[in-house]
Amino acid sequence: MPLLIHRSRSLFLLFSVLLMFVATPFLENREGGETLVVLNLFLTLVAATVQLSEKRRLFLSAIPLAGATIGFLWLNHVYHDKAFSIVSYLSLVVFVGLVCVSLFVYLGKKGSINRERIVVSVCLYFLIALFWFSVFELINVLHPVSFAETGTALTGSISRSKLLYFSLTSLTTLGFGDIVPIRPAARMFAALEAASGVLFIAITVARLVTSYQTEDEG
């Protein structure tokens, strides 16, 4: 029963974060679409918080952080204020980073390779992309015109779908080159994301293989 509950939490988190990536391009620039995108982000934060519920201290510390992040994101959505943008994306970076570290530690624990671990590893991969998306949002607020699309600098606020897309293609090192970082900070963090994507796959595969070999020898 506990495994079933934990698996349900992981599937809920995977569904919410995938929905964030897939639905955003279809919702933005439509009437009420931006509100739905923000609500989808709220759903992802709630799912991520629930995922931490087994670790009581971490869970209790994550609740106010997630609540504050949701509050600031909503204020930024309503008022479009630079101060709210900075605080909301900064808190989002901290919260998603906390979840990523927690899930990474979970994957490193001894145990059999089951469906739960596979689902968590997939969740973590997309959450890493969401983490870097938050970093890029914050960079673009602090240093406007940090990105360009097909040779034209992107001024003002960049649509979420573009930065989600850029984050995911950077994480996978696919890099189509249509959206590129043009300021030093954006370039460096884009390179760090690509490195983290490669290292995540290498380390995760090594951990899972080690767990499998340990279980097989036992």
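Worth a mention:
- Complete set of residues in segment 89-109 that are of a type in the set (Ser, Thr, Tyr) and at pLDDT below 95: Ser102, Tyr106
- Helices (runs of 4 or more DSSP H) fully within segment 1-109 that include at least 2 residues being surrounded by 20 or more Cβ atoms within 10 Å (Cβ to Cβ), among the hydrophobic types (A, V, I, L, M, F, W, C) and in contact (Cβ under 8 Å) with a residue 60 or more places away in the chain: 2-27, 33-51.
- Members of segment 157-188 that are out of contact with any Pro (no Cβ under 8 Å at 6 or more places or on another chain), of a type in the set (Gly, Ala, Ser) and either surrounded by fewer than 20 Cβ atoms within 10 Å (Cβ to Cβ) or within 24 Å of His77 (Cβ to Cβ) (or both): Ser157, Ser159, Ser167, Gly175, Gly177, Ala185, Ala186
- Test: Ala194 is out of contact with any strand residue (DSSP E or B) (no Cβ under 9 Å at 6 or more places or on another chain), small (Gly, Ala, Ser), part of a helix (DSSP H, G or I) and at pLDDT 95 or above: yes
- Condition check for Ala191: exposed (fewer than 13 other Cβ atoms within 10 Å of the Cβ) and either touching a Phe, Trp or Tyr at 6+ places or on another chain (Cβ under 8 Å) or at negative phi (or both): yes
The values are calculated or read from the model by the stated rules, or taken from the named source; none is laboratory data. Being a predicted model, the structure only gives us computed values, none of them experimental. Virtual Cβ from ideal backbone geometry, glycine too; neighbours counted across all protein chains shown.
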